[in-house]
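First up is the structure itself, then whatever we jot down about it.
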Amino acid sequence: MKTISRARLTLWSQEAGLAALIIVQAGCAFVFLMDVFGDIMNTGYFSLDINIELFANLGLVAAIMVEARVLWVLLRRQAIADRAISVARGAMAQLMSDQFSAWGLTAAEADVASFTIKGFSIAETAGLRGASEATVKSQLNAVYRKAGVAGRAQLVSVFVEELFTGALHGDAQAQQTQKTHGRVE
């Protein structure tokens, strides 16, 4: 079962609260408009107080329509943001898989690298993989060597850089070398 994050739950409750407020206001507007029409039917004409009530009710109806539009826009933006995050998650997973293959990592090394990038400690990774800490350290050193990085921070930065620039560490270095030597493609 998926867990709902606290931020998402808060956003949902705010959206539900705004929708409930719109519904209450719409109910009030209906009651007030029925009162105005009842007054018109009883008196047969528009008096100053009836005109004021009618104008106030029309303002309430306009406010309800604006609030509904704002809620709709916010819900659309949230849906777009949720899709973008979902795509980014999938893209990051694919990016990691592709890069691990390019580096020639074994399945075990790729698994250890994934846990490392996600922020797990060596002890946590060992526990999750059912391996000894020494085995995980050995596999992690092989990952660092194959990736051409000095440690955890550089390994993570390879993928963070991709998120910001769209070029992997090695690609960015190659591009910089080409620019330095005047061979920009």
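Residues in region 92-119 that are surrounded by 13 or more Cβ atoms within 10 Å (Cβ to Cβ), aliphatic (A, V, I, L, M) and in a helix (DSSP H, G or I): MET92, LEU95, MET96, ALA108, ALA110, VAL112, ALA113, ILE117. The one condition from (1) modelled with pLDDT of 85 or more; (2) of a type in the set (A, V, I, L, M); (3) within 30 Å of VAL160 (Cα to Cα) that LEU75 does not meet is (1). Going through (1) modelled with pLDDT under 85; (2) closer than 30 Å to ALA81 by Cα; (3) loosely packed, with under 12 Cβ neighbours inside 10 Å one by one, GLY44 falls short only on (2). Does VAL66 fit the bill of being in a helix (DSSP H, G or I), farther than 30 Å from ALA26 by Cβ and β-branched (Val, Ile, Thr)? Answer is no for this residue. Of all residues in region 145-165, those satisfying the criterion of being assigned to a helix (DSSP H, G or I) and over 30 Å from the mean Cα position of the chain (by Cα) are ARG145, LYS146. Look at region 120-132: where a residue is surrounded by fewer than 16 Cβ atoms within 10 Å (Cβ to Cβ) and a partner is outside any helix (DSSP H, G or I), sitting 6+ places away or on another chain with Cβ atoms under 8 Å, you get LEU128/PHE120. Residue count for region 29-48, restricted to those that are in a helix (DSSP H, G or I) and in contact with a helix residue (DSSP H, G or I) (Cβ under 8 Å, 6 or more places away or on another chain): 8.
VAL73 falls short on exactly one of the conditions (1) part of a helix (DSSP H, G or I); (2) closer than 30 Å to VAL156 by Cα, and that condition is (2).
The values are calculated or read from the model by the stated rules, or taken from the named source; none is laboratory data. Please read these numbers as outputs of a predicted model, since none were measured by experiment. For neighbour counting, all protein chains shown are included, and Cβ atoms are generated from backbone atoms with ideal geometry for every residue, glycine included.
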